[in-house]
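First the structure, in the form of structure tokens, and then the observations on it.
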Ligand SMILES: NC(=O)c1ccc[n+]([C@@H]2O[C@H](COP(=O)([O-])OP(=O)(O)OC[C@H]3O[C@@H](n4cnc5c(N)ncnc54)[C@H](O)[C@@H]3O)[C@@H](O)[C@H]2O)c1
């Protein structure tokens, strides 16, 4: 029987939270086993270092071996694990496993590898992502000839299908070797485009809305102590400086307009803050200029206002029926 964790903030919380101030302590991360899928670069890389620095064990899964493997070695050298010579040796601070998140068997291999190495998995974060702004499926200049060529589905495959694969495998692995009262969680990466229209990247936007939908569909189900007893949350960064060369033109314009940019470390800090806070389930943290705001509680709380009281009440009753029939 899986022991329940403490009270969770669910989407129907009566208490709105707005700005989220992450608190990351060594105590909260020490010896936690964390898989970071997409951890070889950008926000994921900063999160890998932050977690290792605070005493966690991190398994990096990424398609980018030339960046991921040396990062893992650097973490082992910088934050070595000390083993008592009289006890069985402890596992390495960090490991790397090459994975293409769109390949279900490769995702399975990653979890098999991490579990074999660390004997348990406490948290899983998916930072792997893709955005192809040049691949505009709905370009208004497309001709009848142009649409004969099928468009790339890369943004959908990596951002959405890949995350779905990871969540499926994680939901089973996270149940294993778990003591009573032990907190376990999954964090997915969405985007401001996960809730706000963003011109030019329709497929990416559909995928990131999909991430929000996936989290919302799973948050009441996963957190049940009689089912998975897991927390699931999303991070929705806005502009984050991870590819200075690629985004230089955009960043220059952004700065000209005086708009905020987060650093990869700031987004990683918010992510680690959500990871260690066992009261958070079903939240979405919008991150702008290094500061985070939770959105879900207010969306739910204000539903009678934006949808209308009567439809909001009927909708709630109908959704309850669906839950009873489909998720019981
Ligand atoms: N940087 C931003 O401004 C920004 C804004 C909003 C949302 N996000 C989201 O945050 C997340 C991290 O963004 P980032 O800027 O750090 O990205 P990044 O490109 O720096 O890192 C993404 C990582 O995912 C890996 N990856 C790509 N395809 C993969 C695959 N098929 N299998 C496994 N790994 C794969 C890459 O190798 C890379 O290490 C992404 O989901 C992104 O959509 C980023």
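The values are calculated or read from the model by the stated rules, or taken from the named source; none is laboratory data. Since the model is a prediction, treat every value here as computed from it, not as a measurement. No Cβ is skipped: glycine too gets one built from the backbone with ideal geometry, and neighbour counts run over all protein chains shown.
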Count of residues meeting criterion [loosely packed, with under 15 Cβ neighbours inside 10 Å and within 21 Å of residue 66 (Cβ to Cβ)] in the stretch 86-102
0
In the stretch 176-191, anything surrounded by fewer than 17 Cβ atoms within 10 Å (Cβ to Cβ) and in contact with a helix residue (DSSP H, G or I) (Cβ under 9 Å, 6 or more places away or on another chain) is listed as 176, 177
Number of the condition not met by residue 291 [criteria: (1) within 30 Å of residue 320 (Cα to Cα); (2) in contact (Cβ under 8 Å) with a residue 12 or more places away in the chain]
(1)
Candidate set: the stretch 118-160, residues that are within 23 Å of residue 45 (Cβ to Cβ) and free of Cβ contacts under 8 Å to residues at least 60 places away in the same chain; chosen: the one farthest from the ligand (Cβ to nearest atom)
160
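Let's see how each residue does on (1) touching a helix residue (DSSP H, G or I) at 6+ places or on another chain (Cβ under 7 Å); (2) at pLDDT below 95:
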site: 280; (1), (2): yes, no
site: 293; (1), (2): no, no
site: 300; (1), (2): no, yes
site: 308; (1), (2): no, no
site: 312; (1), (2): yes, no
Does residue 187 meet the test of being more than 24 Å from residue 283 (Cα to Cα) and not in a loop (DSSP other than H, G, I, E, B)?
no
Could you list, in sequence order, the residues of the stretch 174-213 that are more than 13 Å from the ligand (Cβ to nearest atom) and within 22 Å of residue 114 (Cβ to Cβ)?
174, 175, 176, 177, 178, 179, 182, 183, 184, 185, 186
Filtering the stretch 50-69 down to residues that are free of Cβ contacts under 8 Å to residues at least 60 places away in the same chain, within 13 Å of the ligand (Cβ to nearest atom) and surrounded by fewer than 24 Cβ atoms within 10 Å (Cβ to Cβ) yields 64, 65, 66, 67, 69
From (1) in contact with a strand residue (DSSP E or B) (Cβ under 8 Å, 6 or more places away or on another chain); (2) within 16 Å of the ligand (Cβ to nearest atom), pick out the condition that doesn't hold for residue 91.
(2)
